[in-house]
1. Taking the Cα atoms only, what angle lies between the long axis of helix 299-330 and the longest principal axis of the chain, rounded to 10 degrees?
2. Round to the nearest 10 and give me the degree value, 0 to 90, for the angle of helix 2-14's Cα axis relative to the longest principal axis of the chain.
3. Which is the longest run of the chain containing none of the GluC sites (Glu not before Pro) found in DSSP loop states (not H, G, I, E, B) with at most 16 other C-beta atoms within 10 Å?
4. Separation between the residue 24 and residue 133 pseudo-spin-labels, each 7 Å from Cα along Cα→Cβ, expressed in nm?
5. Would you work out the charge dipole size for the chain about its Cα centre, treating the Cβ of every Lys and Arg as +1 and the Cβ of every Asp and Glu as -1, and quote it to the nearest 20 debye?
6. Among all cysteines in the chain, which have no other cysteine Cβ under 4.7 Å from their own Cβ?
7. So if each residue of separation counts as 0.36 nm, and I subtract the Cα-Cα distance between residue 161 and residue 313, what length gain in nm does that give?
8. Just 78, 291, 306 to compare: in a GNM of the chain, with alpha carbon springs under 10 Å, which one fluctuates most?
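Rule-based calculations on the coordinates, nothing more; no lab input. In this text the structure is predicted, and so the values were computed from the model without any measurement. Quick reminder, even Gly has a Cβ in these numbers, built from the backbone with ideal geometry, and neighbours come from all protein chains shown.
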Amino acid sequence: MALSSSLENREFENRTFFQRNRMAIVPWVFLLPAVLFFLVYVIIPIFQSLWISLYEWDGLYRPDGTWTAQWVGFENYAKLWTDEKFWTSLRNNIAWLLLFMLAVPMGLFIALFLNQTVTGMRFYKSLFFFPFVISQVVVGLIFGWFYNPEFGVVGQIWKFLFCEEVINIVGNVSTRCSVEPPALLASEEYATYGIIAAGLWPQIAYCMILYLTGLNNVSPDQIEAARIDGAKGWRMLWHVVLPQLKPATFIAVVVTVIGALRSFDMVAIMTAGGPGVGSTNVLAYYMYEAALSEFGFRYGYGSAIASVLFMIMLMYISYFLFRMYQDERGR
């Protein structure tokens, strides 16, 4: 017994460092490329953006290659405090955040509807899944045509409800409306909500996919036990199904919050920040407008806007991660 133990110890000592620690090293070997890319393309740019926000810089270098930026400290952040376009963008981002959360319950109810064994259900699932695979640019263009008061769906429905055809003396046919069709994207008051509605379309599809995946993992034994105890309808959903969908709900909420805060494509395609002076701007688009657009070249100011947006996202993500950690620890 002692001889075999000494032989095992000698064999262990003759192994290389990699052979002795293979179980600990191998996972890091696979993770290293992803960690490297994340470091280069995410972590380092975050700190670079925070650093540039302390300078006033037009993005140019001198002929000898030296940096033209001037140190201004927190002056860019002080300017944000008195910048009306910044506060408009922040208010619009809050509206995006609040209304975008509708995607979570709507995705859940669509998933519950589609989670049935009915003939042709795969076809219906593909129809609801379709918005998610469309580019955000295409969605913006589609809804831009949809809202058009002349030839869009909204305009045609409005004309059917509130307009009538009139034949004049010459015999020409014209349309007379008691109320003119609304030009939604031309309204400073309602354009933001029209863009949010367009963004909700693919976001609901994404939440639906998450919940459909979660519903496949719901324990049938718990469902049967709840039915025997007389639970059905809302009681079944609230006390049996939803607790088992907490992981899907967590991911849906986090992704929806991030999508609402980093909204850019829809605003750029549908209104480009207009109508008026930045009435539909969000922080991501205002950052682009300040730093990179033809009227921008204020890299320090744009980086300050990006830093504020990053801090807001960091607070939300940290809160959700903390809640997830507490739930895991409580198990």
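1. It works out to around 60 degrees.
2. 50
3. On the way: sites that count: 150, 188, 189, 294.
It runs 1-149.
4. According to this spin-label approximation, the distance is 4.6 nm.
5. Details: 21 positive and 23 negative charges, 224 e Å.
Dipole magnitude for the chain comes out near 1080 debye.
6. 207
7. Working: separation 152, 0.36 × 152 = 54.72 nm, distance 4.34 nm.
Here the segment from residue 161 to residue 313 would lengthen by 50.4 nm.
8. In the Gaussian network model the winner is 78.
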